[in-house]
1. With 24 Å as the limit, write out which pairs from 323/459; 414/467; 323/373; 17/452 have Cα-Cα distances beyond it, or answer none.
2. Only four residue types carry charge here, +1 at the Cβ of Lys and Arg and -1 at the Cβ of Asp and Glu. Report the dipole size of the range 142-286 about the Cα centre in Debye, rounded to the nearest 20.
3. How high is the relative contact order of the chain, in percent, counting Cα pairs under 8 Å that sit 6 or more residues apart?
4. As a test of understanding, state the convex hull volume per residue of the chain from its alpha carbons, in Å³.
5. Tell me, what is a quarter of the convex hull surface for the C-alpha atoms of the range 91-194, in nm² with one decimal?
6. Based only on Cα atoms, what Rg/Rh ratio does the range 259-322 have, Rh being taken as Kirkwood's radius?
7. Checking the a/c ratio against 1.5 first, then a/b against b/c, what shape does the Cα gyration tensor give for the range 339-464?
8. Using 7 Å Cα-to-Cβ label points, what is the residue 15/residue 256 separation (nm, one decimal)?
Amino acid sequence: MAPLPYYPVNTFGPLMKGMVIGGVGILHVFLAQFAIGGGMLLCYFERLAQRGREADARKLVDGYFQILVLVSFVIGALTGVAMWFTTIQVGARTIGLMVDQFHWLWATEWVCFSVEVVAGYAFVRAGKRLSDRARLSLLGLYAVASWLSLFFINGILAWQLTPGRYLDGGGMWAGFFNPSFWPSLFYRTAVAMVLAALAACIVINSLDLPREPPAGGSEAARRAALIRRASRFAIPMIAMPLLGVWYFLVLPADSRAWLLGGSTPMTMFVGIAIGSSLLIGAYVLFGLVVKRLYVNAASAALLVALAFGATAAGEFVREGARKPYTVRGVLYSNSITPAEVAELRRTGVTANDPYPLRDDARYPTEQLRRGAKVERALCDACHTINGANSLVELTRTWTDDQLGQNIAKLQRTKGFMPPFAGNAEDVEAIGQLLRWEAAGTPAAWPDTTDPKTLQQIAKWLEEAGTK
Ligand code: HEC
């Protein structure tokens with residue numbers, strides 16, 4: 001029997017599903033990486049303070065922690081919940097598969113997160129009253145727990161892109177320690193440290209540093225000393241180019257080809273991610289570390305914004321490089337498995353679709369309604385009708401033959417699309433839907449049931465194959 005489409009079936013208007021999850025995901029990843037780097041940075045400054053190496057280090061630790069907790073516990077937790085909320089609407093089957101394969105590891109990640117929350121909360125409430133040892137232990141616990149949560153979630157996300165030996169029956173651990181596990185873990189750790197250091201530069205500018213004899217120098221000099229320490233903490237970023245190359249080399253060859261010009265948007269985003277990272281790197285290493293420049297709060301905020309841009313572009317590329325899969329080799333982006341395509345070719349993709357269409361009354365004919373269901377089942381993950389990556393615009397200038405052939409041979413039209421998982425009537429129905437939408441949704445639209453056309457489409461489907 002043909003598989004049912006997964007519930008909930010939802011659309012987000014002109015916003016592409018992939019963009020909705022991508023948008024929430026980028027924000028969440030950015031905040032989470034900041035929180036992880038923050039824990040490490042605070043350990044570093046607390047040690048400086050306890051060894052008497054940096055007079056104002058403790059002020060930074062206490063000031064920074066307030067912000068860290070606010071950002072990571074409030075906004076980080078909210079966007080984390082938003083991730084679950086959107087992901088079950090956008091890719092219920094993908095997230096279901098991920099939970100199914102990795103539930104124990106995921107549960108471990110949650111334990112780490114809970115430890116992080118408890119340690120963080122305890123530090124905020126009691127940190128100022130604790131002994132040096134207890135302070136450092138609590139900060140250490142916070143830092144280790146948050147880095148471990150990265151360790152676990154990183155394996156699960158990397159598995160989606162490069163499942164490696166998991167595909168040959170290697171099981172959970174082979175999936176977890178997959179080819180991009182280590183480059184991605186180290187790269188993200190370096191990013192986390194840079195983000196934390198940049199955020200520290202903002203906090204340092206907002207610290208209240210009254211002159212405290214006998215140690216107190218001028219206020220500007222004391223801030224500059226803290227900035228120098230923070231910028232040194234960002235030095236691991238010199239490993240990022242190498243880690244980036246390593247990451248790139250473990251990608252499958254087709255994904256690599258898209259990044260290198262095969263897909264212009266992807267190549268541009270790679271360029272933006274590399275360009276902004278190099279700018280930040282040059283500023284921090286040459287400006288702050290070598291030349292010992294001072295950075296004020298506004299400029300530091302601008303650097304953080306640039307880092308956000310680099311993160312967004314990088315995450316976009318990582319998500320995009322996975323197409324046409326959400327789990328490479330296992331599940332296509334439209335929640336259909338490679339093995340199900342052949343069956344859906346026979347039954348048609350709408351045969352078992354029990355869900356009503358949104359705005360059902362909009363469509364004047366059954367064929368157009370079918371087209372809308374086909375679009376929802378097979379294309380909606382990466383396209384919309386009239387909004388982002390609009391199907392109407394992509395096909396507006398095509399002849400009927402081009403339309404039929406390119407949809408029937410979808411995986412040959414562009415390598416980042418899955419094979420068409422429906423029958424000839426489905427191809428014709430979505431083709432008519434696109435024509436009707438392009439014509440401005442007129443009230444009457446003729447059915448096209450010419451057997452010759454359907455035969456031709458069936459032949460194209462046959463030629464394209466199901467892989
Ligand atoms: C895995 C994501 C994904 C899925 C699923 C998907 N597409 Fe695409 N499609 C893309 C991307 C990405 C492009 C490239 C857009 C561009 O070049 O601007 C594209 C391009 C196209 C184009 C233009 C091709 C060209 O050569 O100009 C058409 C037509 C198209 N898709 C139709 C469809 C239809 C119809 C479906 C559903 C049956 C579908 N796509 C499913 C990702 C997808």
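Just so it is clear, none of the values below were taken in a lab; they were calculated from the coordinates. All values reported here derive from a predicted model rather than from experimental measurement. Cβ atoms come from the backbone with ideal geometry, glycine included; neighbour counts cover every protein chain shown.
1. Details: 323/459 26 Å; 414/467 13 Å; 323/373 22 Å; 17/452 35 Å.
The pairs that break the limit, which is 24 Å between Cα atoms, are 323/459; 17/452.
2. Using only the charged Cβ atoms, the result is roughly 320 debye.
3. 18 percent
4. Working: hull volume 72.4 nm³, N = 467.
Convex hull of Cα atoms, per residue: 155 Å³.
5. Working: hull surface 31.7 nm².
Mean shadow area of the hull around the Cα atoms is 7.9 nm².
6. Numbers: Rg = 14.0 Å, Rh = 12.7 Å.
Computed over Cα atoms, the ratio is 1.10.
7. Working: a/c = 1.28, a/b = 1.23, b/c = 1.04.
The shape class here is rounded.
8. In this crude spin-label approximation the distance works out to 3.6 nm.
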